[in-house]
Number of protein chains: 2
Amino acid sequence: MALRHAVLAALLDGEYSGYQLAKAFDVGVANFWYAQPQQLYAELARLERDGLVAGRQVVQETRPNKRLFRVTDAGLAELEKFAAAASKPSFVRDDLLVKVQAVDHVGIGPVLEQLAERVRAAEARMELFGKLLRKMRGETPEEEFLRGGERIGPYLTCLRGLAFEQGNRDWCLRISAVLTERKGASEHR
Amino acid sequence: MALRHAVLAALLDGEYSGYQLAKAFDVGVANFWYAQPQQLYAELARLERDGLVAGRQVVQETRPNKRLFRVTDAGLAELEKFAAAASKPSFVRDDLLVKVQAVDHVGIGPVLEQLAERVRAAEARMELFGKLLRKMRGETPEEEFLRGGERIGPYLTCLRGLAFEQGNRDWCLRISAVLTERKGASEHR
DNA sequence: TATGATTAGTCAGTTTCTTGAGTATGGTGC
DNA sequence: GCACCATACTCAAGAAACTGACTAATCATA
């Protein structure tokens, strides 16, 4: 039951519709959790049923109507409880790592392609995170923002996202170099 | 269906029992995938049914009997196919990030404790990975091992695991410093 | 001589996540 | 003017993952 807390945490910044949340939790800004739209709508329904969020209908002229959600006091209390409980250790589950683990027994070519693709993806996300960070801190230098900013949670998680993608990119580049050299060497024989 | 490929990749290094795999996929050496024992036993049963792994009974005197599994040719072909297919992007799902995201609205104290705990866990895993790496490469220098080693897949994934835990530790330390300073500042008022 | 840890698994039940499709409207580009 | 994309959701089915309990033997520890 961590998706529910992720949704609560995301709603701390204001009111969002399911659709807006879905955007944030999808490819874009999912720097602290990931989920698909259907899951979010379902979770929002459960959260509302349990009184942890409150939704209100917003009638729109040019667009379909939407429901905006905010965290209730009960929701905040639930988050507080969650934050005080022990965290599960984080672990890795990554297709690409499985492929690299098997790389001595399968074709190197396709793996190299996917490493290159992953580098591109990581760099795109790094740029996105960089922009987000600048937007959040505005003109204030980072150190000062972190000392005195009102809302630094999203900034801190974004820093982790950025570092994670840097790690991804660096590793992919390193591995690519190693595998490329081995491929060359094996083809020379 | 990526657990099946993770199991196949893990079995490339030789024969393992469900129990041994469970150890590797649990807290210990899960540097490329994570799964619980029950899942592994179930997946091994499915893999055997589909002819991708073959198991053989080993009768033991002092211990319960066990079944050792190895990858079949069909299993290797399946892995090959998997390696050539596109990878899903990797994404983050981490309780602790959710808590940090919400840190402006919940108590800082518990979050700081958990960051410290995460640092300890990360350092323990870094040491484990360091030992594993040394064991895999033996006396050979890393560059040479990566150029000429027979089986480098596990070494490469272990490098990612190590870098990931370093990133974890560095981020936790940074965030802890920021939050500690803010906590001090708010208590002075 | 109990107690607990380790080896080696199995079974059942539930939650969570993913996949795929479907509804409806308005705006944008060619 | 027609196709396609964006907004804003909903429904259903199935796969994957998690939780917790249970068997059964040996070995180490207190």
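Read the figures in this text as sums done on the coordinates, not as results from a lab. The structure presented is a predicted model; accordingly, all values stated were derived computationally and were not measured. Please note: Cβ atoms are built from the backbone with ideal geometry, for glycine as well, and neighbour counts cover all protein chains shown.
Rounded to the nearest 0.05, the FRET efficiency derived from the C-beta distance between B:ALA116 and A:GLU113 at R0 = 45 Å is 0.65. A convex hull fitted around the alpha carbon atoms of chain B yields 175 Å³ per residue. Derived from the Cα gyration tensor, the three semi-axes of the equivalent ellipsoid of the protein assembly as shown are 40, 24, 22 Å, largest first. Name the residue farthest towards the positive end of the dipole of chain B from the options B:LEU52, B:CYS158, B:PRO37, assuming +1 on Cβ of Lys and Arg, -1 on Cβ of Asp and Glu, about the Cα centre. In chain B, that residue is B:PRO37. Phi angles across segment A:98-113 convert, under the Karplus curve 6.51 cos²θ - 1.76 cosθ + 1.60 with θ = phi - 60°, into 3J(HN,Hα) values of 4, 5, 5, 4, 9, 5, 6, 10, 10, x, 6, x, x, 5, 4, 4 Hz, Gly and Pro given as x. Computed from phi, the 3J(HN,Hα) profile of segment B:62-79 under the Karplus parametrisation 6.51, -1.76, 1.60 (θ = phi - 60°) reads 8, 10, x, 4, 9, 10, 9, 10, 9, 7, 8, 4, 4, x, 5, 5, 4, 4 Hz, with x in place of Gly and Pro.
Taking 1 over the mean of 1/r across every pair of different Cα atoms in segment B:95-188, what Kirkwood radius in Å do you get? Write out the running numbers ahead of the final one.
On the way: mean 1/r = 0.0653 Å⁻¹.
Kirkwood hydrodynamic radius for segment B:95-188: 15.3 Å.
Mean per-residue shielding of peptide B:115-124 is 1, counting Cβ atoms of other chains within 10 Å of each Cβ. Entry note, chain B: relative contact order of 19 percent, from Cα contacts under 8 Å with a spacing of 6+ residues. Note on A:LYS88/A:HIS188: beta-carbon distance plugged into 1/(1 + (r/R0)^6) with R0 of 30 Å gives a FRET efficiency of 0.05.
Spin-label model, B:GLU181 to B:LYS66: label points 7 Å out along the Cα-to-beta-carbon direction sit 5.1 nm apart. Here the chain A residue lying nearest the rotation axis onto B, judged by its C-beta and given with the distance in whole angstrom, is A:GLY167, 2.
Think of each Lys and Arg Cβ as +1 and each Asp and Glu Cβ as -1; about the Cα centre, that makes the dipole of the protein assembly as shown roughly 440 debye.
Near the amide H of A:TYR16, within less than 5 Å, lie the amide hydrogens of A:PHE69, all on another chain or at least 5 residues away, with H placed in the peptide plane.
Across segment B:160-177, rounded Karplus estimates of 3J(HN,Hα) from the backbone phi angles (6.51 cos²θ - 1.76 cosθ + 1.60, θ = phi - 60°) give 5, x, 4, 5, 4, 5, 4, x, 4, 4, 4, 5, 4, 5, 4, 4, 4, 4 Hz, Gly and Pro being marked x.
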